[in-house]
1. If the requirement is being farther than 20 Å from Ile121 by Cβ, of a type in the set (A, V, I, L, M, F, W, C) and touching a Lys or Arg at 6+ places or on another chain (Cβ under 7 Å), which of these qualifies: Val34, Val51?
2. Which pairs have Cβ atoms under 6 Å, sit 6 or more apart or on different chains, and link a residue in region 15-44 that is surrounded by 16 or more Cβ atoms within 10 Å (Cβ to Cβ) to one that is in a loop (DSSP other than H, G, I, E, B)?
3. Show the residue pairs meeting these rules: Cβ distance below 8 Å; 6+ apart or different chains; first residue within region 148-166 and among the aromatic types (Phe, Trp, Tyr); second residue in a helix (DSSP H, G or I).
4. For region 45-53, indicate whether the set of residues that are among the charged types (D, E, K, R) and either buried (at least 16 other Cβ atoms within 10 Å of the Cβ) or free of Cβ contacts under 8 Å to residues at least 24 places away in the same chain (or both) is non-empty.
5. I want to confirm something. Restricting to region 117-142 and keeping residues that are closer than 20 Å to Lys54 by Cα and charged (D, E, K, R), which single residue is surrounded by the most Cβ atoms within 10 Å (Cβ to Cβ)?
6. Which strands (runs of 3 or more DSSP E) does region 64-177 wholly contain that include 1 or more residues that are modelled with pLDDT of 95 or more and charged (D, E, K, R)?
7. Given the conditions (1) touching a residue at least 12 places away in the same chain (Cβ under 8 Å); (2) surrounded by fewer than 11 Cβ atoms within 10 Å (Cβ to Cβ), which single one is not true for Gly82?
8. I need the full set of residues from region 22-58 which are farther than 13 Å from Thr12 by Cβ, β-branched (Val, Ile, Thr) and not in a loop (DSSP other than H, G, I, E, B), in order please.
Amino acid sequence: MDGFKEETLKSTKLHNGRIISLREDEVKLPNGKVAKREIVEHPGAVIIAAVTDKKEIVLIRQYRKPVEAVIYEIPAGLVDEGESLKDAALRELKEETGYVAGKINQVLSAYTSPGYSTEVIHYFIAKDLKLTGQALDADEVVKVEIVTFDRAIKMIKDGTIKDNKTIIGIMLAAGKI
């Protein structure tokens with residue numbers, strides 16, 4: 001789109017972390033003014049809406065330090081270097097829930113917060129599930145809960161489920177979007 005692009009004049013790395021990095025860009029706006037943009041660089045992630053044969057959704061509960069709360073989510077995680085998105089989705093599903101999917105399809109890729117982050121989440125729907133046992137990472141404590149789609153949507157509406165990627169994943173799997 002002509003007239004919208006911002007020209008980067010200077011880019012400064014402020015932090016290099018294990019998962020994310022932070023940089024500050026000085027940009028020239030289309031109107032000629034100069035502004036600063038703080039940008040979180042994130043490698044992206046996969047999220048999996050796992051649907052049982054009974055048309056239920058597999059949720060997980062875990063503590064999330066940034067929000068200081070135990071929250072409901074659907075399985076998600078980072079993509080390892082050299083790993084395909086599909087393989088990452090299958091791995092994360094197995095690790096966090098103990099389920100292996102007979103069918104898995106990518107249905108959407110979306111920015112999480114394009115105003116300050118490069119993160120893209122790749123959404124998958126998994127079906128034909130077989131329970132084999134969790135394989136959690138050393139720093140994960142996760143409880144699996146299986147609920148109906150009606151219950152999951154009520155949990156969204158009453159604020160029990162507050163994670164936006166989980167809300168989108170549930171709505172995609174429920175055929176609501």
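1. Val34
2. Qualifying pairs under 6 Å: Val27/Glu6; Val40/Ile20; Val40/Tyr116; Glu41/Thr118; His42/Ile20; His42/Thr118; His42/Glu119; Gly44/Glu119.
3. Phe149/Ile170; Phe149/Ala173
4. No, the conditions are met nowhere in region 45-53.
5. Looking at the filtered set, the residue picked out is Lys127.
6. Hits in region 64-177: 69-73, 99-111, 120-131, 143-148.
7. The single condition Gly82 does not satisfy is (1).
8. Selection gives Val34, Val40, Val46, Ile47, Ile48, Val51, Ile57, Val58.
The values are calculated or read from the model by the stated rules, or taken from the named source; none is laboratory data. Quick caveat, the model's predicted, so the values are computed rather than measured. With ideal geometry, Cβ positions are generated from the backbone for all residues, glycine too; neighbour counts draw on all protein chains shown.
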